[in-house]
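S.K.: Structure provided below as structure tokens; questions to follow.
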Amino acid sequence: MLEVLKYNFMAAFVLCALLYVAGEWVSTITKAWIPSVFVTACLMLWCYWHGLPKEVVTNAMLMPWGGAMAIFLLIVHMGTIISFKQLMEQWKVVVVALAGLAGMCAVGYFLCPLFMDRAYMIAGLPPLTGGIIAAKLMRDAAVAKGLTAVGVYAIAVYCVQGFAGYPLTAIFLQGEGRRLIKDFRAGKVSAAEEEQAVKAAAATKRKLLPPLPKKFDSAVVILLKLGIVGYMATLLGGVSFGPIGKISGAIWCLLLGVFFTSIGFLDENSLGKANSSGILMFALMMYIFDGLKDCTPQMLGEIITPLVILIVIGVSGMLVASFFAAKVVGLSWPLALSTSLTALYGFPPNAVLTESICKALAENDEEMDYLMGELMPPMLVGGFTTVTIASVFIAGIFANFF
């Protein structure tokens with residue numbers, strides 16, 4: 001009997017699903033105080049160290065999805081649940097997020113060399129401000145200078161920074177969500193806001209393109225439309241706009257998603273309507289967690305001290321700068337700190353964290369919609385500001401400091 005229990009692609013899928021579900025259940029039981037992404041990341045890392053095949057995500061056939069298609073479809077989908085008005089209202093988030101990155105870089109640049117080798121500080125700060133692109137740039141720059149260990153350090157920062165970002169974000173975003181839902185239940189949402197919401201809902205019914213008849217608007221048709229918009233985003237992502245240069249295809253996905261929803265080409269909450277968001281988010285998150293497979297106990301043992309120092313000093317600088325920036329622009333400080341912390345993980349963890357917290361706090365669909373409308377746009381904008389845009393520029397600057 002045991003001979004038939006062999007490891008294959010379906011066994012790999014089951015293992016990935018079990019680890020992902022464990023994170024979801026812990027998050028649900030703790031009402032999102034312990035984020036699902038944090039739990040799954042910890043479990044994945046522990047399992048990799050105790051025999052989980054390094055290629056389990058690839059073996060589960062999730063890499064082709066998560067590595068490319070899923071992220072574009074999901075970001076376009078995010079554009080179907082927010083509006084241009086909501087995006088334009090997030091200028092305060094952009095200011096606070098950039099201030100947070102400036103604080104992280106300034107404090108880290110001057111304080112970290114007092115406790116660690118300067119090369120580690122140079123290699124680690126850009127990945128701490130963003131994602132894999134910044135980490136790759138710093139690794140390549142370090143290796144080019146013959147600093148192999150420093151290059152590994154840059155990747156390690158990228159791999160483990162979420163372990164600091166997930167719980168901190170959960171604390172601050174929970175606080176903001178509780179404040180919002182308390183005011184909502186107490187009827188403190190102003191009449192003007194309610195009137196604007198009614199007008200916005202009415203506006204969504206008057207679109208340039210009429211909706212497809214339900215019998216033709218199948219799940220695959222919805223995915224087709226998302227794919228068309230995602231393809232347009234990839235084309236625009238390759239176009240250079242003079243001094244601005246190229247704009248990331250991910251940003252185009254969000255903007256085009258909002259635009260094509262506003263004119264009626266895309267369905268509102270497209271992936272929800274197609275019942276496809278779950279599998280795509282699962283594939284994308286497993287692709288993210290796959291990056292932990294190269295983080296060995298030996299690697300952490302060698303670099304754990306400078307890693308902890310960098311994260312503590314850098315994140316402290318970020319939170320202090322974001323707090324004061326929030327006071328200046330008039331943004332709630334728990335929300336400001338949450339959006340700045342998206343630099344430590346970006347998309348899709350920011351969306352997963354936000355949705356799980358909204359689900360934990362909301363008692364009905366009306367409350368869920370309200371919380372998602374208040375929290376999801378700033379968290380998405382924060383992630384794009386830090387990870388997708390600013391971190392690449394920061395890495396380009398720091399690569400010249402070796």
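Each value in this text was obtained by applying a stated rule to the coordinates, not by laboratory testing. Please read these numbers as outputs of a predicted model, since none were measured by experiment. Counting neighbours? That spans all protein chains shown, and the Cβs are built from the backbone with ideal geometry, glycine included.
S.K.: Assuming 1.567 mPa s and 4 °C, estimate D for the stretch 314-364 with Stokes-Einstein, Rh taken as the Kirkwood radius over Cα pairs, in µm²/s.
M.R.: Details: Rh = 12.0 Å.
Value of D from the Cα-based Kirkwood radius: 108 µm²/s.
S.K.: Based only on other Cβ atoms within 10 Å, what is the fewest-to-most ordering of 30, 388? Please report the intermediate quantities before stating the final value.
M.R.: Details: 30 14, 388 21.
Ordered from fewest to most neighbouring Cβ atoms within 10 Å, 30, 388 come out as 30, 388.
S.K.: At 7 Å along the Cα-to-beta-carbon direction for both residue 17 and residue 296, put a label point, then send me their distance in nm to one decimal.
M.R.: With each label point 7 Å from Cα toward Cβ, the separation is 3.3 nm.
S.K.: Nearest 0.05, what FRET efficiency do residue 143 and residue 55 give at R0 = 22 Å with Cβ-Cβ as r?
M.R.: Working: r = 24 Å, r/R0 = 1.09.
Computed FRET efficiency for residue 143 and residue 55: 0.35.
S.K.: Taking +1 at the Cβ of each Lys and Arg and -1 at the Cβ of each Asp and Glu, which of 52, 9, 112 sits farthest along the dipole of the stretch 1-135 towards its positive end, judged by Cα position relative to the Cα centre?
M.R.: Checking the options against the dipole of the stretch 1-135, the answer is 112.
S.K.: Continuing with this model, one more query. Taking the chain as a Gaussian network, where each spring joins two C-alpha atoms under 10 Å apart, which residue of 152, 94, 329 fluctuates the most?
M.R.: Taking springs between Cα atoms under 10 Å, the residue moving most is 329.
S.K.: Now for a separate question. Normalised by the number of residues in the chain, what is the relative contact order in percent for Cα pairs under 8 Å and 6+ residues apart?
M.R.: Details: 587 pairs, mean separation 136.5, N = 402.
For the chain, the relative contact order is 34 percent.
S.K.: Out of 373, 275, 260, whose Cα points farthest toward the positive end of the dipole of the stretch 71-401 (charges: +1 Lys, Arg; -1 Asp, Glu; placed on Cβ)?
M.R.: The Cα lying farthest towards the positive end belongs to 260.
S.K.: Right, another one. When ranked by the protection proxy of mean other Cβ atoms within 10 Å per residue, highest first, what sequence do the peptides 365-371, 314-320 form?
M.R.: Details: 365-371: 15.3, 314-320: 22.3.
Result, highest mean first: 314-320, 365-371.
S.K.: According to a simple spin-label model (label point 7 Å from Cα along Cα-to-Cβ), what is the distance in nm between residue 9 and residue 24?
M.R.: Label at residue 24, label at residue 9, 2.2 nm between them.
S.K.: Another one. Once the Cα atoms of the chain are picked out, what are the Rg and Dmax in Å?
M.R.: 21.3, 67
S.K.: Using a Förster distance of 56 Å, how high is the FRET efficiency between residue 117 and residue 268, based on the Cβ-Cβ distance and rounded to 0.05?
M.R.: Working: r = 52 Å, r/R0 = 0.92.
My answer for the efficiency is 0.60.
S.K.: Show me 72-80, 232-240 ranked by packing, highest mean number of other Cβ atoms within 10 Å first.
M.R.: Ranked by mean Cβ neighbours within 10 Å, highest first: 72-80, 232-240.
S.K.: Hey, another quick one. Measuring from centroid to centroid over Cα atoms, what is the spacing of the stretch 6-71 and the stretch 327-402 in Å?
M.R.: Each part reduced to its Cα centre gives a spacing of 23 Å.
S.K.: Looking at the chain as a GNM with Cα springs under 10 Å, which of 325, 219, 283 has the largest mean-square fluctuation?
M.R.: 219
S.K.: While we're looking at this one, here's another question. Could you check the spin-label model distance between residue 110 and residue 312? Points 7 Å from the Cα along Cα→Cβ, value in nm.
M.R.: Rounded to a tenth, the inter-label distance reads 2.0 nm.
S.K.: If you don't mind, there's one more thing I want to ask. Compute a Gaussian network model of the chain, connecting alpha carbons closer than 10 Å, and tell me which residue from 220, 39, 93 fluctuates the most.
M.R.: 220
S.K.: Now for a separate question. Loop-only check: which trypsin sites (Lys or Arg not before Pro) in the stretch 208-265 are DSSP coil with at most 10 other Cβ within 10 angstrom?
M.R.: Values: sites: 214, 215, 225, 246; in loops: 214, 215.
Within the stretch 208-265, the qualifying trypsin sites (Lys or Arg not before Pro) (loop, at most 10 other Cβ atoms within 10 Å) are 214, 215.
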